[in-house]
Amino acid sequence: MKFRRLTIDELIELETEFKQFLIINQVYNEEWIKINQEDIEKANALIDVFSDQVLEKVYAKINFLEIRTLQTYTIFSFNDLTIGSLIIQSKDETVSLSTEKEIENAINFHLQELEIFNASKLIKSTKSKEVFELINQGAIISSSKVWHAFSLFFNQKN
């Protein structure tokens, strides 16, 4: 598998798309029922292929992610070739960056306790794979609005 298997709930939500996938692969309803009952490995392999196709499309559409921890906030921006990142790090253990409110508070009242960095790197394999790996590390989807706000803030500080 390239990514992960979709959960039962995700598969239920994508039932129509999964049926279309099976038909495209010349597996019709009766045959799917038989495979699902008699050849669980083949059924799982079909679900794995479908999962990879769905997640490839989903991850390809994600352009911004963020990771928040107690002491570090990182936002990522993706294009097809590179990943940009803006990082805010607290030098003071009492200045947390784990929530939006705490980040705002830190910027407004504890700026001297923050270190701000930016970085970029070339995408190693594919954008979708990089997004998947960051999500597995705890990243959540962000937005261009947040990226641009932090970019503006970063540029003002440098």
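Ordering 7, 135, 95 by Cα displacement along the dipole of the chain toward the positive end leaves 95 in first place; charges were set at the Cβ atoms of Lys, Arg (+1) and Asp, Glu (-1).
Treating only the Cβ of Lys, Arg, Asp and Glu as charged (+1, +1, -1, -1), what charge dipole size does the range 8-61 show about its Cα centre? Round to the nearest 20 debye.
Using only the charged Cβ atoms, the result is roughly 200 debye.
Using alpha carbon centroids, what distance separates the range 16-89 and the range 104-140, in Å? Using only Cα atoms, the two centres lie 22 Å from each other.
List the relative contact order of the range 64-157 as a percent without decimals, with contacts defined as Cα pairs under 8 Å and 6+ residues apart. Don't jump to the answer; show the numbers that get you there.
Numbers: 151 pairs, mean separation 30.9, N = 94.
Across the range 64-157, relative contact order equals 33 percent.
Across every pair of non-identical alpha carbons in the chain, the mean reciprocal distance, once inverted, gives a Kirkwood radius of 18.2 Å. Computed from point charges on the beta carbon alone (+1 for Lys and Arg, -1 for Asp and Glu), the dipole magnitude for the chain about its Cα centre is near 600 Debye.
Starting from the Cα of residue 16, move 7 Å in the Cα-to-Cβ direction to define the label point; list residues of the range 57-75 whose amide nitrogen is under 18 Å from there. Output list for this probe position: 58. Residue order for 86, 22, 70, fewest other beta carbons within 10 angstrom first, comes to 70, 22, 86.
Note on 38, 100: ascending count of other Cβ atoms within 10 Å places them as 38, 100, the fewest first. Pairs of Lys residues in the chain are counted when their Cα atoms are under 22 angstrom apart and they lie 8 or more places apart or on different chains; the count is 29. Near residue 82, the amide H atoms lying under 5 Å from its own belong to 123; only residues 5 or more places off or on other chains count, and H is placed 1.01 Å from N.
From least to most packed, judged by other beta carbons within 10 angstrom and beginning with the fewest, 59, 28, 73 follow the order 28, 59, 73.
Every number here is computed from the coordinates shown, using simple stated rules; none is lab data. The structure presented is a predicted model; accordingly, all values stated were derived computationally and were not measured. Counting neighbours? That spans all protein chains shown, and the Cβs are built from the backbone with ideal geometry, glycine included.
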